[in-house]
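**Q** There's a structure below that I have some questions on.
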Amino acid sequence: MRRRPWEESADFAIGLAPIDEARWLEGGEADPAARKDPLHADHRDLVWGETPGSRPGQLEVAALIGVTSSGDLPPLYAASRTVADDLVLVERTGGHWRVSAISLSAPTFFTAREVLGKSLAQIHGPVNGFNDRFLVRLVRIFDGLRPGLILQRRNWSVVNSSEPFTPFSAPVRARIGEIAPADVGQALFTRVERQTVRRLLQTGGVLFTIRVWLTPFQALAESPEQLAAFAQAWRGAAPEFAAYKGFHLYADLVEGFLRAHGESHSVNGA
Ligand code: HEM
């Protein structure tokens with residue numbers, strides 16, 4: 001489901017599937033620069049980073065996005081400010097796939113400075129069980145990504161913020177207690193990240209893209225089937241997945257919302 005990945009999985013998953021070039025970036029934002037430029041000016045090290053030696057890869061990304069002249073801007077940023085997605089250049093150095101340049105204006109609780117220069121293993125260290133379950137496969141995917149193949153995945157979480165730029169979880173989570181049960185439909189959001197990877201043909205790196213979609217909970221109640229599917233994912237989420245995403249912090253609010261909209265609690269689907 002395009003914006004409803006909980007209908008597919010409520011556990012950590014690689015979940016990469018091929019898409020056509022025509023469906024690479026989803027668009028849907030008239031003026032990404034208006035959102036990204038102020039962040040780039042005011043919070044540079046949270047939203048931007050580049051390593052020495054990443055410029056050829058950055059230039060290749062810019063050309064792929066259709067930006068042929070970047071002026072004084074680093075090419076990856078010049079490209080990023082023309083698209084809704086965040087752009088992450090991942091290159092193989094010293095035997096590891098590492099983030100060599102990143103434009104990150106819609107972070108879900110991480111920052112550019114934290115991941116710049118880091119390997120896939122280092123980045124995913126905080127995700128419970130990730131390296132044991134997925135790292136070998138993920139590295140193999142980055143190693144073997146065929147030219148022309150574009151893969152996409154989606155993940156999801158629940159947050160109490162309509163703001164795409166959320167580098168830190170603490171200030172967001174500190175406001176959960178302010179939410180009245182009757183306001184959950186407007187105060188809680190499903191946060192879906194749609195990500196893609198593709199090979200850079202000339203420089204050999206991988207371009208990772210991240211597009212965030214925020215939808216108020218109210219939208220879940222528009223159809224009983226969709227609400228039921230969400231309720232099933234929420235209540236059946238794998239314990240490590242739920243813990244990692246802080247679902248316990250929202251448990252009472254979400255349960256209250258589900259019940260108020262006719263989703264009575266049942267652990268066995270009866
Ligand atoms: C296509 C390759 C990738 C896959 C399959 C993947 C998969 C995952 C998964 C399953 C999670 C756990 C949360 C969730 O999505 O449900 C995660 C978290 C994360 N991923 Fe990835 N990832 C990939 C590439 C990357 C890259 C290139 C970056 C570089 C910015 C990155 C940054 C992160 C971060 C920062 C987190 C959160 C870690 C934390 O809590 O500190 N991922 N990833």
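**Q** So which of S80, S69 is polar (S, T, N, Q), surrounded by fewer than 21 Cβ atoms within 10 Å (Cβ to Cβ) and over 16 Å from R199 (Cα atoms)?
**A** S69 is the lone residue from the list that is polar (S, T, N, Q), surrounded by fewer than 21 Cβ atoms within 10 Å (Cβ to Cβ) and over 16 Å from R199 (Cα atoms).
**Q** Would you call A63 of a type in the set (A, V, I, L, M), more than 14 Å from the ligand (Cβ to nearest atom), more than 24 Å from F12 (Cα to Cα) and free of Cβ contacts under 8 Å to residues at least 40 places away in the same chain?
**A** Yes: the conditions hold for A63.
**Q** A further question on this structure: Consider segment 8-26. How many of its residues are more than 16 Å from the ligand (Cβ to nearest atom) and out of contact with any strand residue (DSSP E or B) (no Cβ under 9 Å at 6 or more places or on another chain)?
**A** Looking only at that region, the number is 1.
**Q** So which pairs qualify, if the first residue must be in segment 112-126 and within 15 Å of T93 (Cβ to Cβ), the second must be part of a helix (DSSP H, G or I) and more than 9 Å from the ligand (Cβ to nearest atom), the Cβ gap must be under 6 Å, and the two must be at least 6 apart or on different chains?
**A** Short answer, once both residue conditions are applied: A121/N131; A121/L135.
**Q** Conditions: (1) buried (at least 18 other Cβ atoms within 10 Å of the Cβ); (2) within 13 Å of the ligand (Cβ to nearest atom); (3) closer than 22 Å to S103 by Cα. P164 meets all but one. Number of the miss?
**A** (2)
**Q** Does S169 qualify as being within 16 Å of the ligand (Cβ to nearest atom), surrounded by fewer than 20 Cβ atoms within 10 Å (Cβ to Cβ) and either modelled with pLDDT under 95 or hydroxyl-bearing (S, T, Y) (or both)?
**A** Taking the combined requirement at face value, the residue satisfies it.
The rows are residues; the columns are (1) under 28 Å from R92 (Cα atoms); (2) within 10 Å of the ligand (Cβ to nearest atom).
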| site | (1), (2) |
| --- | --- |
| R137 | yes, yes |
| R140 | yes, no |
| N160 | no, no |
| A180 | no, no |
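**Q** It is to be established whether one or more residues within segment 116-128 are closer than 18 Å to E193 by Cα, hydrophobic (A, V, I, L, M, F, W, C) and loosely packed, with under 15 Cβ neighbours inside 10 Å.
**A** Scanning segment 116-128 turns up at least one residue that is closer than 18 Å to E193 by Cα, hydrophobic (A, V, I, L, M, F, W, C) and loosely packed, with under 15 Cβ neighbours inside 10 Å.
**Q** Among what's in segment 99-121 and is more than 10 Å from the ligand (Cβ to nearest atom), outside any strand (DSSP E or B) and not hydroxyl-bearing (S, T, Y), pick the residue that is nearest to P56 (Cα to Cα).
**A** This residue is G117.
The values are calculated or read from the model by the stated rules, or taken from the named source; none is laboratory data. Bear in mind the structure is a predicted one, so any value in this text is a computation, not a measurement. When we count neighbours, we look across all protein chains shown, and the Cβ atoms used for this are built from the backbone with ideal geometry, even at glycine.
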